[in-house]
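Structure record follows, encoded as structure tokens.
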Amino acid sequence: MAIVEFSTGRERNVVGCVGEPPPIEALKAFDDLGYRITQFGAPELIDPGILAATDSVIFSQNAQKPTRIFGELSRYAKTLLANDCRIYVRVAQPEVNSDRMRAIAVNAIHTLELPPSGLSDEERASLGKRVGEHKLPAFAPFVHLCGRPNDWLEIARTIRDNPAGKAPNLLMHVDAIDSKGKAVKLTEEQQLLIRRAFWNCASVHLVGMGDGLSGVPAFRAYAELAQGLLGKWPYLYFVKVGSREKIAAEYWRYQANALEYIPYHLGPRLRQDRCGLAASEGIIVGDYVSGAEKLRDCAKDGRAAPAIGNLFNSTLLAWRHVATPQQRSIPEYLEHLFPVAIPPHREHLIREFGATLSVSEMKALFMACGVKPVLAGPIHGDLHATNVLVRSSDAIVIDFEKVGFDMPLVYDAASLEGGLLVDGFIGDHRTAMSLLASIECLYEKAAFDTEVVLCHPKDKSAWYFDCVRQIRIHARHMERGSGQYATALALALVKKGCNSEDFRDPSGTSTHTNQQMTREHLRAAAYVLAERILKAISN
């Protein structure tokens with residue numbers, strides 16, 4: 001996936017040419033670097049066996065028919081990129097109006113939504129729907145416009161410096177099921193990405209992990225080597241496969257924030273040799289964190305307090321140390337995260353539980369909380385109760401998709417408390433009103449100014465009080481002004497309450513099933529508590 005990735009082995013030493021045949025100087029330039037350059041037609045461009053040996057394909061734009069490049073890229077680019085064959089475009093160089101030729105090629109990349117490289121910042125920034133990706137490094141594979149189209153030695157050296165990775169293993173057996181055991185149909189691109197990532201394996205069995213709401217499917221992957229020295233036995237990996245933009249962003253955040261700042265045993269270890277991208281999708285592979293359980297699960301057993309302490313004192317310690325006070329308020333940092341509406345299917349519950357304010361009224365109270373300065377630095381951005389794993393007393397963080405670089409530190413602590421509320425009480429046999437009554441003292445103004453009160457061990461909410469006490473001890477050290485954690489927590493809770501996901505059972509009801517607490521009830525309760533916080537701190 002990186003700009004220069006993998007060593008230059010010669011498993012894939014073929015360079016194909018489409019359009020203009022390679023001249024004598026091209027043959028020599030590539031031969032000197034150990035490549036075999038040859039003319040490609042339609043049969044070669046779709047033949048899996050040939051593509052397995054192909055490092056790159058060079059498309060030469062026709063000066064007389066410059067728009068033909070659009071059709072050629074449209075037919076072949078996505079298949080080539082899915083096989084990790086790099087694409088290079090030689091823009092035609094007529095005596096006049098060469099800028100028009102380049103504009104046609106750039107427009108083809110834009111219209112086909114292909115990943116670009118080698119463009120100016122302005123050109124990359126203008127490439128339509130790939131919002132944000134132009135800010136990232138140019139991860140391969142990509143479509144590269146050659147800077148000097150007639151300099152074959154430079155083109156050959158560029159290809160040498162950006163070699164293709166392993167070819168997909170087309171003989172490998174791949175199957176996937178979701179968290180409930182139902183078969184998952186993988187797209188053709190996803191299958192090729194998996195076959196590339198596990199090129200040396202005989203089989204890969206994927207089992208879905210159903211806790212995330214990011215839209216990028218996550219799996220446990222049981223991969224069995226084809227020629228393992230110790231025989232057949234599957235190794236367990238963590239796999240995410242989905243949108244190229246999201247996968248590339250998360251890969252970069254792993255590299256920038258996790259690998260160098262989080263202790264080795266407290267974060268997931270990427271297998272960078274198995275990560276990769278295609279035209280529109282990508283794959284992240286890491287070692288699965290074995291022997292760990294979700295913070296949500298150990299919290300309900302009263303075992304989470306030491307892990308929460310470890311999370312802020314060890315796992316995320318470096319992030320706290322590089323944070324600095326900034327003259328911006330919590331609302332100035334986080335206004336863009338405030339929801340715009342309550343989901344219609346949840347509003348009746350929210351009102352039934354006692355909330356009276358609209359989202360716009362809630363936001364007005366939130367925006368009035370302007371205490372400065374704020375301690376800002378790197379944050380996880382999605383630190384909920386299933387993105388923290390616990391092994392013994394160690395807290396291990398996963399899923400770096402939403403990492404922020406200059407954000408209020410208290411927001412991570414607030415997200416964790418909100419996550420424990422909406423995930424930890426699922427299945428509780430109390431009614432929503434009795435649950436709210438048992439924890440409402442935690443959301444009064446006094447609870448944010450002093451230490452959290454004790455809860456009787458017999459109370460079914462005692463585990464939650466223990467967790468909240470630990471979180472707020474650390475949050476207090478992140479505050480640089482009164483009410484900052486409470487403000488961030490109100491936002492985290494109102495976001496939970498306004499999440500548009502419909503968590504009702506298939507019948508569409510929101511009533512208790514066997515008198516157990518449901519996700520919908522807890523999301524509604526989160527909104528109620530957010531309102532109480534904002535009313536309390538605004539008085």
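Only the coordinates and a few stated rules stand behind these numbers; no lab work does. The structure presented is a predicted model; accordingly, all values stated were derived computationally and were not measured. All Cβ positions, even for glycine, are placed from backbone atoms using ideal geometry, and neighbour counts span all protein chains on display.
Observations on the structure shown:
- From largest to smallest, the equivalent ellipsoid semi-axes obtained for the range 423-487 from the alpha-carbon gyration tensor read 24, 12, 11 Å.
- Pairwise label distance in nanometres, SER392 with ALA364, each label 7 Å out on the Cα-Cβ vector: 5.4 nm
- Straightening the chain between GLU440 and ARG75 buys 125.4 nm, computed as 0.36 nm per residue apart minus the Cα-Cα spacing.
- Sparsely packed loop sites in the range 407-461 (the GluC sites (Glu not before Pro) outside DSSP H, G, I, E and B with at most 11 other Cβ atoms within 10 Å) comprise GLU451.
- Calculated Rg and Dmax of the range 14-161 using C-alpha coordinates, Å: 14.5, 41
- For the chain, the relative contact order works out to 11 percent when only alpha carbon pairs closer than 8 Å and six or more residues apart are counted.
- Computed [θ] at 222 nm, helices only, for the chain once each DSSP H run of length n ≥ 4 contributes -39500 (n - 2.57): -11000 deg cm²/dmol
- On full extension, the segment bounded by LYS28 and LEU317 gains 98.6 nm, given 0.36 nm per residue less the C-alpha separation.
- Out-of-range pairs (alpha-carbon distance over 19 Å; input LYS78/LYS402; LYS402/LYS496; LYS185/LYS402; LYS402/LYS495; LYS232/LYS294): LYS78/LYS402; LYS185/LYS402; LYS232/LYS294
- Cβ-Cβ FRET estimate between HIS336 and ILE426, R0 fixed at 30 Å, reported to 0.05: 0.55
- Read-out P(r) over Cα pairs in 20 Å bins from 0, in percent, derived from the coordinates shown; its label in (i) 20, 45, 28, 7, 0; (ii) 21, 52, 26, 1; (iii) 17, 41, 28, 12, 2: (i)
- Most positive-pole-ward Cα, ALA103, SER461, SER358, against dipole of the chain from beta carbon charges: SER461
- Gained length - ASN150 relative to TRP233, 0.36 nm times residue gap less alpha-carbon distance: 24.7 nm
- Whole-number percent relative contact order across the range 200-304, with pairs defined as alpha carbons under 8 Å at least 6 apart: 22 percent
- With the biggest extent put first, the Cα atoms of the range 293-538 measure 48, 43, 34 Å across the principal axes.
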